[in-house]
Amino acid sequence: MVTDPKLIDSEKPERLRVLWLSTIGFTLMFAVWLMFGVLGVPIRKEFGLTDVQLSWLSAVAILNGSLWRLIAGILTDRYGGKLVFTLMLFFTAIPAYWVSRAGSYEELLLYAFLVGFAGNSFSVGIAWNSAWFPKDQQGFALGVFGAGNVGASVTKFIGPALIASIPASGYFGGLVPGGWRFIPFLYAVLLVLMGLAMWFGAPRVDKRPGQGRPLLDMLKPLRYVRVWRFSLYYVVVFGAYVALSSWLPKYYVDVFGLPLHEAALLTALFIFPASLLRPLGGYLSDRFGARRLMYWTFGVILLASGVLMMPEGHIVLYTKAGPKEVMQFTMNVWLFTLLVFLIGVGMGVGKAAVYKHIPTYFPNDVGAVGGLVGLLGALGGFFLPPLFAYAQAWTGLPQMTFFVLFVLTAIAFVWMHLTVLQLLQQEARHLRNEFELKGDRPCP
């Protein structure tokens, strides 16, 4: 983290280059990581997959995009974000190309797992930008970088049109594949080009705050319960975001009967606020405090998911005049989209608020702590799609998707609130046993 005022001013051009290169690179990597949200529909048709099989295809990609976040953050602190990010871009291009050549469901599972490595780029960018930006600018900078989550909507915008326009036989005798296979092929090319831009465009001399520090010393902050609580928050605002980004296109197609291109566009109305509001969340966290924003975040998600989890139907009252139907409830696509949009708003602000905590409490260990929080948060994105599928299969209700989200958010909210109460009690020990109002002031 930068602290010298003169150095802060002199390094401004380099800082901005780091911010914009990492943000663009992360946007691309995020698009690659979650491309199966849209590709899953034509893949399901071609390979004859069940919903559970399809959910595992997205889940294994999310899993590998979670497992290495702690290590990626530590390596960034030790060796610099320029080197680590560039190598990740080049490596991810290989399995992205293999996805375009997969011939069976088993091959797709393997290649989807490998291409999911792209998701670990988040920890690299967080640690890299934290090293370059001063404390009072970190919330906004990390918010701008995190807005690269909008990459989840890239495939949803370009995917259906390209799948429909590129002939199934491809071009140049199949050298460039067609149909849905063109998308991972295109991403493989873009990843290589972005890797070159990253290497030659980033500052030549990088910042390495963890250089020379023993590994065990860098892992010490992980013993604090606070780190694990932040991780649960991140499961709600990021893990659930990842899961819904890949799950919603199928939900729109299956529940509302929409064509894939309309389902993809409506899903983007969830992705945009959940991604583009992250800089606003960083700014508000800098100004008003991250914990206050988390209260608003959890409140909005609980309210919206509480309505979305309600099954369609009515209550039957047996009266003297006979059965009477009351309180009929039907969820139409526009109300559904509005509520999902509100969840996206909450998640967009909340993601920045969670990561504002980390450099505040652990200024010298952003790579390790941010890596663990990102790892556990993204693992939520791995577990939730299969959980959505199994909950729906057990009950026959697609609304169980949002019941799962409601319960998860409620647990995180209660833990946070109990922690806040405990902190307040510690700051006012002299009032611990004072339950009655003293003096002549009237009770509110």
| field | Residue selected from segment 35-56 under the condition open to solvent by 10 Å² or more (accessible area, probe 1.4 Å) and not in a helix (DSSP H, G or I), by the criterion farthest from VAL99 (Cα to Cα) | value | THR50
| Looking only at segment 347-387, and only at residues there that are of a type in the set (D, E, K, R) and more than 11 Å from the chain's Cα centre (by Cα), the one that is farthest from ARG291 (Cα to Cα) | ASP365
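Against the condition of a type in the set (A, V, I, L, M, F, W, C), open to solvent by 70 Å² or more (accessible area, probe 1.4 Å), at pLDDT below 75 and within 25 Å of SER121 (Cβ to Cβ), how does LEU215 come out, does it pass? Full working, then the answer.
Numbers: of a type in the set (A, V, I, L, M, F, W, C): yes; open to solvent by 70 Å² or more (accessible area, probe 1.4 Å): yes; at pLDDT below 75: yes; within 25 Å of SER121 (Cβ to Cβ): yes.
It is true that LEU215 is of a type in the set (A, V, I, L, M, F, W, C), open to solvent by 70 Å² or more (accessible area, probe 1.4 Å), at pLDDT below 75 and within 25 Å of SER121 (Cβ to Cβ).
This table checks each residue for (1) among the acidic types (Asp, Glu); (2) at pLDDT below 80; (3) farther than 30 Å from GLU312 by Cα; (4) touching a helix residue (DSSP H, G or I) at 6+ places or on another chain (Cβ under 8 Å).
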site: ILE343; (1), (2), (3), (4): no, no, no, yes
site: GLY348; (1), (2), (3), (4): no, no, no, yes
site: ALA368; (1), (2), (3), (4): no, yes, yes, yes
site: THR409; (1), (2), (3), (4): no, no, no, yes
site: GLN426; (1), (2), (3), (4): no, yes, yes, no
site: PRO442; (1), (2), (3), (4): no, yes, yes, no
| Restricting segment 396-430 to residues that are in contact (Cβ under 8 Å) with a residue 24 or more places away in the chain and outside any helix (DSSP H, G or I), the residue that is farthest from the chain's Cα centre (by Cα) | LEU397
| query | Which one is modelled with the highest pLDDT, of the residues in segment 199-212 that are loosely packed, with under 15 Cβ neighbours inside 10 Å and in a loop (DSSP other than H, G, I, E, B)? | reply | ARG204
| One residue from PHE383, PHE403 being open to solvent by 60 Å² or more (accessible area, probe 1.4 Å) and closer than 29 Å to PHE145 by Cβ | PHE383
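Name the residue, out of ALA93, ALA59, that is of a type in the set (Gly, Ala, Ser) and modelled with pLDDT under 85. Reasoning before the result, please.
Working: ALA93 fails: modelled with pLDDT under 85.
When all the criteria are applied, what remains is ALA59.
Quick check on my filter: what residues within segment 140-159 are over 19 Å from the mean Cα position of the chain (by Cα) and open to solvent by 20 Å² or more (accessible area, probe 1.4 Å)? If you could, list the steps in order and put the result at the bottom.
Kept after step one, since they are over 19 Å from the mean Cα position of the chain (by Cα), are these residues of segment 140-159: 158-159.
Hit for segment 140-159 is ILE158, nothing else.
Looking at segment 101-119, is at least one residue within 30 Å of LEU284 (Cβ to Cβ) and touching a helix residue (DSSP H, G or I) at 6+ places or on another chain (Cβ under 6 Å)?
Step one: filter segment 101-119 for residues within 30 Å of LEU284 (Cβ to Cβ), giving 118-119.
From what is left, the residues that are touching a helix residue (DSSP H, G or I) at 6+ places or on another chain (Cβ under 6 Å) are 118-119.
There is at least one residue in segment 101-119 that is within 30 Å of LEU284 (Cβ to Cβ) and touching a helix residue (DSSP H, G or I) at 6+ places or on another chain (Cβ under 6 Å).
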| note | Scanning segment 164-191 for residues that are farther than 14 Å from LEU28 by Cα and open to solvent by less than 40 Å² (accessible area, probe 1.4 Å) gives ILE166, GLY170, GLY174, VAL176, PRO177, GLY178, GLY179, TRP180, PHE182
| query | If you take the residues in segment 72-86 that are assigned to a helix (DSSP H, G or I) and either over 22 Å from the mean Cα position of the chain (by Cα) or modelled with pLDDT under 85 (or both), which one is surrounded by the most Cβ atoms within 10 Å (Cβ to Cβ)? | reply | GLY73
| Of everything in segment 386-395 that's in contact (Cβ under 8 Å) with a residue 12 or more places away in the chain and hydrophobic (A, V, I, L, M, F, W, C), which residue is surrounded by the most Cβ atoms within 10 Å (Cβ to Cβ)? | PHE388
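Answer yes if at least one residue in segment 120-139 is basic (Lys, Arg), buried (at least 24 other Cβ atoms within 10 Å of the Cβ) and at negative phi, and no otherwise. Before you say what the answer is, go through the steps one by one.
First, pick out the residues of segment 120-139 that are basic (Lys, Arg): 135.
Filter once more, so that each one left must be buried (at least 24 other Cβ atoms within 10 Å of the Cβ): none.
No, that holds for no residue.
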| message | Step by step: first the residues of segment 163-186, then only those that are of a type in the set (Ser, Thr, Tyr) and closer than 21 Å to LYS45 by Cβ, then the one that is modelled with the lowest pLDDT. Which residue is that? | response | SER169
| query | How do the pairs read when you match residues in segment 262-283 that are in contact (Cβ under 8 Å) with a residue 12 or more places away in the chain with residues anywhere that are outside any helix (DSSP H, G or I) and open to solvent by 10 Å² or more (accessible area, probe 1.4 Å), using Cβ under 8 Å and keeping only pairs 6 or more apart or on different chains? | reply | LEU266/LEU258
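Mind checking which residues of segment 52-83 are touching a helix residue (DSSP H, G or I) at 6+ places or on another chain (Cβ under 6 Å) and among the charged types (D, E, K, R)?
Keep residues of segment 52-83 that are touching a helix residue (DSSP H, G or I) at 6+ places or on another chain (Cβ under 6 Å), which gives 52, 54-55, 57-66, 68-70, 72-77, 81.
Result: ARG69, ASP77.
Tell me which residues, restricted to segment 57-71, are closer than 19 Å to ALA96 by Cβ, part of a helix (DSSP H, G or I) and not hydroxyl-bearing (Ser, Thr, Tyr).
Residues of segment 57-71 closer than 19 Å to ALA96 by Cβ: 57-68.
Next cut, part of a helix (DSSP H, G or I) only: 57-67.
Passing the criteria: LEU57, ALA59, VAL60, ALA61, ILE62, LEU63, ASN64, GLY65, LEU67.
The values are calculated or read from the model by the stated rules, or taken from the named source; none is laboratory data. No experiment lies behind these values; they were computed from the predicted model shown. We place every Cβ from the backbone using ideal geometry, glycine too, and count neighbours over all the protein chains shown. To get the accessible areas, we keep the full protein, side chains included, count just its heavy atoms, and leave off ligands, DNA and RNA. Shrake-Rupley method; radii C 1.70, N 1.55, O 1.52, S 1.80 Å.
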